[in-house]
Amino acid sequence: MSRKNNRVVFLLMLQLITLCNAYGFSLLEKIHVTIGNHLGDGLNCSIHCKCKDDDLGVHVLQFQGNYEWSFRPKIWGTTLYFCNIQWRDAAGTLDIFRAKRDWNRCGPECLSIVTPEGPCQFNYDSHAYDICCGGKGEDPTKIEFGPKNTCA
Ligand SMILES: *[C@@H]1O[C@H](CO)[C@@H](O)[C@H](O)[C@H]1NC(C)=O
């Protein structure tokens, strides 16, 4: 190859690299979701997560157990995974990953736990599981995303 051709190839490659960065290559990055059982000793919960075209089935989580999976979100930001979670006589459905809400908030590593007060998501600003929904003072048989809408 001539020196000139080398230069053209180099410039093309450089452009490809910058293109990928400029147009949000990270949008296609895999998202990894983890749900941990923090209910307490001896307490199982059952988790059934799905999105429109993917049913992940029912899984029983023992105390301190994790359930996790990865997926590639759709580029137009419509990906929604929701989970039905039950323990003892409590049950509810929550959005565990909603692209518009969570891409910036937790992606690509979305961590959530189930506590006796309801589910909480890990907050990368405070480094604590303090984005919590439902729970205290409300009907304990319903898990809902927040009275203050902290999770909406
Ligand atoms: C919790 O789940 C484990 C494994 O599925 C099971 O062996 C155990 O009996 C369950 N405990 C309760 C209290 O349901």
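Of note:
- When peptides 47-54, 31-38 are ranked by their average number of other Cβ atoms within 10 Å per residue, the highest-first order is 31-38, 47-54.
- For the range 28-143, share of DSSP beta bridges that run antiparallel, in % to the nearest 5: 80
- Sites listed here are chymotrypsin sites (Phe, Trp or Tyr not before Pro) in the range 61-111 whose DSSP assignment is loop and whose Cβ has at most 14 other Cβ atoms within 10 Å: Phe63, Trp76.
FYI, it's all coordinate maths here, none of it is from the lab. Given the structure is predicted, the values throughout are model-derived calculations rather than measurements. Cβ: placed from backbone, ideal geometry, glycine included. Neighbour counts: every protein chain shown.
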